[in-house]
1. Could you list all residues from the range 245-302 that are loosely packed, with under 13 Cβ neighbours inside 10 Å and touching a Gly at 6+ places or on another chain (Cβ under 8 Å)?
2. Considering (1) farther than 17 Å from Val118 by Cα; (2) touching a Ser or Thr at 6+ places or on another chain (Cβ under 7 Å), say which one Glu60 fails and leave the rest.
3. Kindly provide the set of residues from the range 39-52 that are within 17 Å of Leu16 (Cβ to Cβ) and either in a helix (DSSP H, G or I) or touching a residue at least 24 places away in the same chain (Cβ under 8 Å) (or both), ordered by number.
4. I need the full set of residues from the range 7-38 which are small (Gly, Ala, Ser) and part of a helix (DSSP H, G or I), in order please.
5. From the list Ala46, Ala81, which residue is in the same structural domain as Asn136 (by TED's automatic domain parsing) and out of contact with any strand residue (DSSP E or B) (no Cβ under 9 Å at 6 or more places or on another chain)?
6. Go through (1) under 17 Å from the mean Cα position of the chain (by Cα); (2) surrounded by fewer than 22 Cβ atoms within 10 Å (Cβ to Cβ) one by one and return the number of the condition Leu130 breaks.
7. Would you please list the contacts, defined by Cβ atoms under 8 Å and residues six or more apart or on different chains, that run from a residue in the range 81-103 that is over 16 Å from Asp140 (Cβ atoms) and at pLDDT below 85 to a residue that is surrounded by fewer than 22 Cβ atoms within 10 Å (Cβ to Cβ) and of a type in the set (Gly, Ala, Ser)?
8. Assess whether Ala279 counts as being over 21 Å from the mean Cα position of the chain (by Cα) and either hydrophobic (A, V, I, L, M, F, W, C) or modelled with pLDDT of 90 or more (or both).
Amino acid sequence: MDHTSLDIFRVVAAELSVTRAAKRLGRVQSNVTTRIQQLEEELGVALFRRDGNRLTLSTEGERFLGYANRMLALADEARQALSPQAPSGTLRIGSMESTAAARLPGPLSALHVQYPDVQLRITTAPSRQLIEQVRNGLVDCAFAALPPCGEMASASDLEAVGLHAEPVFREEILLVLPPGHAAVRRGADITVRSLAAFADGCSYRVLAEEWLGQDRSPLDIQEVGSYHTMLACVAAGGCVSLVPRSVLELLREPPALRTHVVAKVDTCLIHRNGYETAAFNALREALAPFMSKNRAARRKSS
């Protein structure tokens, strides 16, 4: 079981097409097919279900994908850890949409200028999914907000599963209400009982449901794919939403919406315990001023 075969399997699993995987890998289709067949023979299981030209991962394939990701991530980490020269290689970063838009352009630009040999790959997802991606080796680190309740709602919960979280950015989370809505102090004051939010797994959605559910009246969830859509739904009068102030400040002409501060929430840099490469250390170096500012703000508020 070599790393090349694992990488081919991972790409085929992502594309669910040998044709697209071969094109992405720069290989001929027959070579990709042979590699997958050899891997299945070695493992003694079918990694894919085949229905004509349609591929889907088998139950065994889904399980093996997690192992393949972790093995490839560990091999890449080892290569970088044993090369103490200037940072290089690939650093896979997961991030919440809000952090990617409002917080990361500055430090990532500075990192790129100082270390151009580091290839940064950025993907976005809700916080819960990001934490799982770090655990499974799909990303090397992630910027996520810990949920206010439930599993992995604290740094100690993360430590228990082999992850480490360090606060980087502090976000002021705003409840955004339609124009003309009366001032609010608690969930019971809200007359609109529909919430525009990201898919399940978003920590801000959990916070919103907890805060808005204080009066126990039914709450309709309207799932959307971007903050722009959230704000459009609120501006149209049909929804409320929770949005970081930093996202609103990105807008050239913010809509005339009523806002109410709900909480201040840390965005944490999450990575596997013991994970250390030159590229990751370069990222932490770029984030150092923000971490220092966050620590000062936490001391001031305590």
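The values are calculated or read from the model by the stated rules, or taken from the named source; none is laboratory data. None of these values were measured; they are calculated from a predicted model. All Cβ positions, even for glycine, are placed from backbone atoms using ideal geometry, and neighbour counts span all protein chains on display.
1. Asn273
2. Evaluating Glu60 over (1) farther than 17 Å from Val118 by Cα; (2) touching a Ser or Thr at 6+ places or on another chain (Cβ under 7 Å) leaves (2) as the failure.
3. Once the filter is applied, which keeps residues that are within 17 Å of Leu16 (Cβ to Cβ) and either in a helix (DSSP H, G or I) or touching a residue at least 24 places away in the same chain (Cβ under 8 Å) (or both), the range 39-52 yields Leu39, Glu40, Leu47, Phe48.
4. Within the range 7-38, Ala13, Ala14, Ala21, Ala22, Ser30 qualify.
5. The match here is Ala81.
6. Failing condition for Leu130: (2).
7. As it stands, the answer is Pro84/Ala278; Gln85/Ala278; Ala86/Ala278, since those pairs meet every condition given.
8. no
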